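J.: I am attaching a structure below and will ask some questions about it afterwards.
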Amino acid sequence: ERGGNNSFTHEALTLKYKLDNQFELVFVVGFQKILTLTYVDKLIDDVHKEFRDKYRNEFQQKGTLGLLNGTFDFRDDFMRLLREAEESSKVRAPTVMKTFEQSLKSQKTVKCMIETRGEKPKEKVKNKKNKGPKKEGAEAAPAAGKASTGDKQPAAAGEKEELTKDEILQKNREEFFKRHMKAGEKSRSPKPEAQKEKGKKPRVWDLGNSNAKVLDYSNSATNGSAETAPVEEFDPDLALGDRNREPGRLYDLEYESDEEAEEEKVIQNPSKPSTKKGGLGGMFGMLKGLVGSKSLTREDMDPVLEKMKDHLIAKNVAAEIAVQLCESVAKKLEGKVMGTFTTVTSTVKQALQEALVQILQPQRRVDVLRDVMDAQRHRRPYVVTFCGVNGVGKSTNLAKISFWLIENGFSVLIAACDTFRAGAVEQLRTHTRRLNALHPPESHGGRTMVQLYEKGYGKDAAGIAMEAISYARNQGFDVVLVDTAGRMQDNAPLMTALAKLIAVNAPDLVLFVGEALVGNEAVDQLVKFNKALADHSMAQTPRLIDGIVLTKFDTIDDKVGAAISMTYITSKPIVFVGTGQTYCDLRSLNAKAVVAALMKA
């Protein structure tokens, strides 16, 4: 899966497989290694889709374990799909080239190919006059000019036969200067209108307040005390963002690929002529790089892989991982027999896309809601610990995950274990107050859905987490979210404290919070965090990072390489993706959307 290799060869047999993570199914097709079957991928995709759609209701009702007891009559469907796949792969007869007599070039006469030197500039000038934008006030004069030139065209054509070359050149120069003088007068005419507006106006912000007295807090008598401070006005729309969303649903990331954008452009401009070069140059350019039914060699792929490696590094993939990815793709494709009209570039790009998608698809799926319900059955809280470096958004995304859990009907206890950073407890207290305003106890049968457990600053974080878990067990909370202080991966004392917190409290899920802005630093952070947790843990099987929360995804456009770097180095899934500042800006990772953004030119 690291290199996008979804096949396994054993002696004379080859097995190809496909995973369905939704229903936990594995589809395997086996065939003789000596055969080059081009329809295998299509067959396994069709069987996967047909089988899943046919028995979808049964999977959802009985669950995955129902597969062991169920019987599936799929033989006729499989044989039909196999016949369709075999028929689609039959080699089509090569198209016969047209003879010279059948081509358009043979219909042209020698007379129409001869060009007079003085005619070509006039055609260009005429096209420019037709294409150029004109103002409403100046439309009448050029229209009259066109009519007059149209009447004089036959006479001018007769005169040109009698004029010498020098006279034709002189005449063309005079027309050229006349046109440019007119264009200069038109371009200078709007200047007086633009100079009318003078002076600088002050900018008025949409969310600002023009009244300076409202913003003056110098004579405030409250002095920041919580008891007498005025209650802030709270707008739920600003906290929630999209009000039309489905409550409790975690939406996938969305991204429009280049292929979809190109299809839309083609649909919108069907009559737009092609601007590509024609003739023999265009033909040779199209045929360049085509491989005619031969095995791919490393020499064929090296130039393409070098460009792909630079492209990945430019998209924030760590340099070391970009090299390893390209190396795995080369090993997968070396010796592979190509089709007649398949380019090396397209083949390498397709293999790289498959490898990237499989890297982002988790080997072990983390289903938080399922695990929380399982912990409920055992009458204990489900504990999640957040860790990461400074300033990546641990507290903000903890509040987003709290909101998502509350909307799914679970009560949350937030443990304020960041006892070092100034304002960390107050930040969580503000989030708790706002979450309770959005989901008041009255809407949940008098039950408080979110509560903060804090002991102030300077205390032992591991001890606070242990007390919070015990309090949640006694009070019947469903989930405990443990917020920890940010720490650099090179700080040994702080990494030892984090390892102690995780070892003592044994959380169900350890999430590493990393920002999408980093490149090579992502690898260094994750490797050293895992190493510190292993080194400072006294257990025989140390507890390492279970999943990743990728934050600030809305700030990177298409430079999504950090997602590849983090999942490649840890083999752990990206559980949540932060995409904004509101409580609803939380997404699940869509591997195909991330790869589409990564492969965008």
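J.: Please give the number of the condition ASN390 fails out of (1) at pLDDT 90 or above; (2) open to solvent by 10 Å² or more (accessible area, probe 1.4 Å); (3) within 20 Å of LEU501 (Cβ to Cβ); (4) more than 26 Å from the chain's Cα centre (by Cα).
T.: (4)
J.: Could we say that THR396 is at pLDDT 90 or above, open to solvent by 40 Å² or more (accessible area, probe 1.4 Å) and out of contact with any Leu (no Cβ under 7 Å at 6 or more places or on another chain) here?
T.: Considered against the rule, which asks whether it is at pLDDT 90 or above, open to solvent by 40 Å² or more (accessible area, probe 1.4 Å) and out of contact with any Leu (no Cβ under 7 Å at 6 or more places or on another chain), THR396 comes out as yes.
J.: Next up: All but one of (1) surrounded by 17 or more Cβ atoms within 10 Å (Cβ to Cβ); (2) touching a residue at least 40 places away in the same chain (Cβ under 8 Å) hold for ILE548; state the number of the condition that does not hold.
T.: (2)
Per-residue answers, yes or no, for (1) within 16 Å of ALA472 (Cβ to Cβ); (2) assigned to a loop (DSSP other than H, G, I, E, B); (3) outside the structural domain of MET373 (by the TED database); (4) not aromatic (Phe, Trp, Tyr):
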{"position": "GLY391", "(1), (2), (3), (4)": "no, yes, no, yes"}
{"position": "LEU398", "(1), (2), (3), (4)": "yes, no, no, yes"}
{"position": "LEU405", "(1), (2), (3), (4)": "yes, no, no, yes"}
{"position": "THR430", "(1), (2), (3), (4)": "no, no, no, yes"}
{"position": "ALA437", "(1), (2), (3), (4)": "no, no, no, yes"}
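J.: Please go through region 284-334 and give me each residue that is more than 20 Å from the chain's Cα centre (by Cα), outside any helix (DSSP H, G or I) and either at pLDDT 90 or above or at negative phi (or both), ordered by number.
T.: Within region 284-334, LYS288, LEU290, VAL291, GLY292, LYS294, SER295, LEU296, THR297, GLU334 meet the criteria.
J.: Anything in region 411-427 that is part of a loop (DSSP other than H, G, I, E, B), in contact (Cβ under 8 Å) with a residue 60 or more places away in the chain and hydrophobic (A, V, I, L, M, F, W, C)? List them, or say none.
T.: Matches in region 411-427: PHE420 only.
J.: Considering only region 534-559, state which residues are assigned to a helix (DSSP H, G or I) and at pLDDT 85 or above.
T.: Correct list: ALA534, PHE553, ASP554, THR555.
The values are calculated or read from the model by the stated rules, or taken from the named source; none is laboratory data. Values in this document were obtained by computation on a predicted structure and should not be read as measured data. Positions of Cβ are generated from backbone atoms using ideal geometry, with glycine treated the same way; all protein chains shown enter the neighbour counts. The area values use the complete protein model at the heavy-atom level, side chains included, leaving out ligands, DNA and RNA. Shrake-Rupley method; radii C 1.70, N 1.55, O 1.52, S 1.80 Å.
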